[in-house]
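Coordinate-derived values only; no laboratory data. Small disclaimer: the values here were computed from a predicted structure and weren't measured. Here the Cβ positions follow ideal geometry from the backbone for every residue, glycine too, while neighbour counts run over all protein chains shown.
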Amino acid sequence: MKFKGRILKGIIYIILSIGAIWSLMPFLWMLSTSFKTPAESIQFPPTWFPKTFTVQPYITVWTKIAFPRYIMVSVIVSIAVLIGVLITSLLAAYAFSWFNFKGRDTLFVGILSLMIVPIPVYVVPLFILVQRLGWIDTFQALIIPWTASVFGIFLLRQHMRTIPKDLFDAARIDGCSRLRFLFSIILPLIKPAVITISIFNIISSWNSFMWPLMVTNSDKMRPIQVGLAYFSQGESTNYPALMAASTIAILPLVILFFVAQRQIIESYSRSGLKE
Amino acid sequence: MRKFKEFIYPLILLSPALAILLIFKVFPIIYAFRLSFYDWGIAGERGFVGFLNYVYLFKDPFFWQSLWNTFMYALFAVPLGIIISLIIASLLNRGIRGLGFFRTAYFLPVITSIVAVSVVWKWLYNPQRGLFNYLLTLLGMSPLKWLEEPRGIFELLTGHSLPMLLKGPSLALFSLVLLSVWKSLGYNIVIFLAGLKNIPNVYYEAAKIDGAGPISTLFNVTLPLLSPTTFYVAIMTTITSFQVFAPVWLMTGPPPGGPLGTTSVIVYYLFQKGYEEYQVGYGSAIAFVFFILILIITVIQKTVLEKRVYYEV
């Protein structure tokens, strides 16, 4: 019985390892290619590890292409969208959970129902709107339409509702204003929800593609994903440079992932357990 | 003064979110619906045309092809994604060592950008120099054309040409399915792990007392109790499958959607018509058909969840 159990354990580990190799292999291959010379990258059969190890592909991407600029655009957009989403969601969730006003619940359901409309449904009219506003190829186009999040409002409201109302009366007696109450008392209590929203927001801003592809047309306004996409079309055969560019494009989030892995996986895990 | 506190104050709090949502979401949604009844192309708006865009749409073979491709994509991506992630999640749930490492490895593709991942996979699929074909030759198999192969996967397996309904997705489309299964694996595993943790241990103990083996426990305890999670994953994967866009733009063709239009999916077709060709009215009609499909899936989810077809834990 013990022997049988060991065999079973062994099989489990083999299956899990095959899965892990399959998950990591594209990244390892990307890294391996990114340190090769162009000639070595197209050798067949290919080499598993670079025979002549070179960082030239990274230098090429960093100096000949506007990659530093793309990254800067993406960083600015991600931070600005995050700040916008946090402010608008906090205020709206506060109104929905701590105040009673006519039509509150109807309005909330109305906002929630927007969640089922996927972006492709309205992306063309949104583009026309942004074009008429004269925002094509500007930071406004990349940032402002995304500074409110239905999911953010929903999640923060759910968390704020669990805070006992007497807390407010106590704070009131101490002369605390409503806005100060939100930022100095409620905010620390709902920190996990704020972290979840921030994680989802940073990931989706950094990785967003279709919208920035539509509203940017100059190299200086392209976020990293769009920059990479155009680079991949222009340099479709310089594989080491392409792989170096891809590595650079995913590196910031991979670092974030290793730093905040527990929170990130928990956030995703909880997102599937809607009450 | 009381009135101010009760009505105006919350309204002020709501106004930033409401303004952004109304201008950049509600208005474009309504506008899209309106546009779908207008003749609006390169030449600008040319008036109300009623259902004409929809009539053209239903006669448009490229539209039907993109709809068919989208269905094929979902039909393969959803079950494949569920089966693989369910197997891995249930193995991870057996109290094995190194759970942290495995979870990290499986989850990494989830957070990486679809653009970078598409660029990397296009290189892996390269017919002459790609790693996949090298691995195939190591295994003694003949290399494949992957993203450049318009023939259906069942045609390739059987070696015969088959009618439309039987040939399955083109290998090119199936290559995109594989990418999507790979990318969403970690997310599905995490959701399944959470679902598995929610199954109380008493059920397993009861099954053990009744003398149930591992296979019988799987089919009579785990799978039925996990069905709400499985259903959730199925719906989410279907909805995301319907929205696939970036890999088509980045990996297929030129022109994207190739070879022979076998990877043109509905969101790509919508992007092509509404944005690239600036046929705004026509593109909006596509957008609304697409929206109705998403709506149907959501309604199915709602009704099934309300009926509670699963066993209450």
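In what sequence do B:7, A:3 fall when counting other Cβ within 10 Å, fewest first?
Taking fewest neighbouring Cβ atoms as first place, the list is A:3, B:7.
Packing-wise, with mean Cβ within 10 Å as the measure, how do B:226-234, B:52-60 rank, highest first?
B:226-234, B:52-60
What's the Kirkwood radius of the stretch A:122-173 in Å, using all Cα pairs?
Across the stretch A:122-173, the inverse of the average 1/r is 14.2 Å.
Kindly rank B:117-127, B:286-296 from highest to lowest mean number of other beta carbons found within 10 Å of each residue.
Top to bottom by mean Cβ count within 10 Å: B:117-127, B:286-296.
Equivalent-ellipsoid semi-axes (√(5λ), Cα gyration tensor) for the stretch B:169-313, whole Å, largest first?
Whole-Å semi-axes of the equivalent ellipsoid: 40, 19, 10.
Across the residues of B:26-33, average count of Cβ atoms on other protein chains within 10 Å?
If you average over the peptide's residues, the count of other-chain Cβ atoms is 6.
Any idea what diffusion coefficient the stretch A:89-212 gets from Stokes-Einstein, in µm²/s, Kirkwood Rh on alpha carbon pairs, 37 °C, 0.692 mPa s?
197
List every DSSP H helix in chain B whose Cα atoms extend 20 Å or more along the helix's own long axis and whose mean Kyte-Doolittle hydropathy is at least -0.5.
B:61-92, B:171-197, B:223-242, B:280-307
Could you tell me what a quarter of the Cα convex hull surface of chain B works out to, in nm² with one decimal place?
Averaged projected hull area, Cα only: 24.7 nm².
Does anyone have the angle between helix A:224-234 and the longest principal axis of chain A? Alpha-carbon axes, 0 to 90°, nearest 10?
30
What ranking do A:219-229, B:31-41 get when scored by the average of other Cβ atoms within 10 Å per residue, highest first?
Listed from highest to lowest mean packing, they are A:219-229, B:31-41.
Under the definition of partner shielding as Cβ atoms of other protein chains within 10 Å of a residue Cβ, what is the mean value for peptide B:289-299?
Across B:289-299, the average partner-chain Cβ count within 10 Å equals 2.
Can you tell me the orientation of helix A:191-207 relative to chain A, as the angle in degrees between its alpha-carbon axis and the longest Cα principal axis, to the nearest 10?
Relative to chain A, helix A:191-207 is tipped by roughly 40 degrees.
Under the Karplus relation 6.51 cos²θ - 1.76 cosθ + 1.60, θ = phi - 60°, what is the ordered set of whole-Hz ³J(HN,Hα) values for the stretch B:258-275, x standing for Gly and Pro?
For the stretch B:258-275, the Karplus-derived couplings read x, x, 6, x, 7, 10, 6, 9, 4, 5, 5, 5, 4, 5, 5, 6, x, 10 Hz, x marking Gly and Pro.
Per-residue Cβ counts within 10 Å, from other chains only, averaged over A:79-90: what number is that?
Going residue by residue through A:79-90 and averaging, the value is 2.
Would you work out if chain A is rounded, prolate or oblate? Take a ≥ b ≥ c from the square roots of the eigenvalues of the alpha-carbon gyration tensor; rounded if a/c is under 1.5, else prolate when a/b is larger than b/c, oblate otherwise.
Since a/c reaches 1.5 but b/c is at least a/b, the shape of chain A is classed as oblate.
Computed over the Cα atoms, what is the radius of gyration of the protein assembly as shown divided by 2.2 N^0.38 Å, N being its residue count?
Taking N as the residue count of the protein assembly as shown, the ratio is 1.03.
Provide B:147, B:80, A:133 in ascending order of the number of other Cβ atoms located within 10 Å of each residue's Cβ, fewest first.
With the sparsest Cβ surroundings first, the list reads A:133, B:80, B:147.
Taking the Cα centre of the stretch A:65-234 as origin, work out the dipole magnitude from +1 charges on Lys and Arg Cβ and -1 charges on Asp and Glu Cβ, in debye rounded to 20.
That gives a dipole near 200 debye.
Report, to the nearest 10°, how far helix A:104-113 tilts away from the longest principal axis of the Cα atoms in chain A, using its own Cα long axis and a range of 0 to 90°.
10
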